[in-house]
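Just so it is clear, none of the values below were taken in a lab; they were calculated from the coordinates. Treat the numbers as computed from the prediction; the structure is a model and nothing was measured. Quick reminder, even Gly has a Cβ in these numbers, built from the backbone with ideal geometry, and neighbours come from all protein chains shown.
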Amino acid sequence: MECIFCQIVSGKLPTDIVYQDEEVIAFHDIKPQAPVHLIIIPRRHISSLVHLSQADLSLVGHMVGIANQLAKREGVAESGYRLVINCGEESGQLVPHLHLHLIGGRRL
Ligand code: AMP
Ligand code: ZN
């Protein structure tokens, strides 16, 4: 059984996709914590930060670059925003597929 974010990647789970390219997909968080709450994921399944290889580091750089672009598009680049990656149970990571939260649009 594919993880929930792999199901989004494969199109089995319809989602509000706001950006996609060969490496990543970004969509609206289903339970937003702020007026702007996007999730940026790699298309390839990587469980979490601890499972990143040296070769994956450029992928994470790409995810951050896309998050910055989306922050501009969403109008929070000037007001400020937060990028979060949870890793592991005690961090609150619920979905076992690496993802970057882009949160903004209110004082955090
Ligand atoms: P985390 O706690 O870091 O694992 O965050 C997982 C995030 O994914 C949460 O903010 C959820 O609201 C969000 N989420 C879970 N399922 C979906 C979905 N089907 N579509 C969009 N966001 C989702
Ligand atoms: Zn996955």
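Summary of computed values
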read-out	value
Size of charge dipole - the chain - debye, nearest 20, with Cβ of Lys, Arg +1 and Asp, Glu -1, no other charges	280
Centre separation in Å (Cα based) which lies between region 77-108 and region 1-47	13
Total charge dipole magnitude, region 49-108, about the Cα centre, Cβ charges on Lys, Arg, Asp, Glu only, Debye to nearest 20	320
Hypothetical label at I17: residues of region 60-76 whose amide nitrogen lies under 18 Å (7 Å Cα-Cβ projection)	63, 66-67, 70
Mean separation of Cα contacts under 8 Å (6+ apart) over length of the chain, as relative contact order %	32
DSSP-loop GluC sites (Glu not before Pro) across region 15-104, with at most 12 other Cβ within 10 angstrom	E22, E78
Per-residue [θ]222 nm for the chain (sum of -39500 (n - 2.57) over DSSP H runs n ≥ 4, rounded to 500)	-6500 deg cm²/dmol
Selected from P32, S91, P42, residue furthest toward positive end of dipole (the chain; charges at beta carbon)	P32
Per-residue HN-Hα couplings for region 25-37 [Karplus 6.51, -1.76, 1.60; θ = phi - 60°; Hz; x = Gly/Pro]	9, 10, 8, 6, 5, 5, 10, x, 9, 7, x, 10, 8
Neighbour net charge for P42 - beta-carbon separation under 10 angstrom, K R +1, D E -1	0
Added length on full extension, which subtracts the Cα-Cα distance from 0.36 nm per residue, S79 to V60	4.5 nm
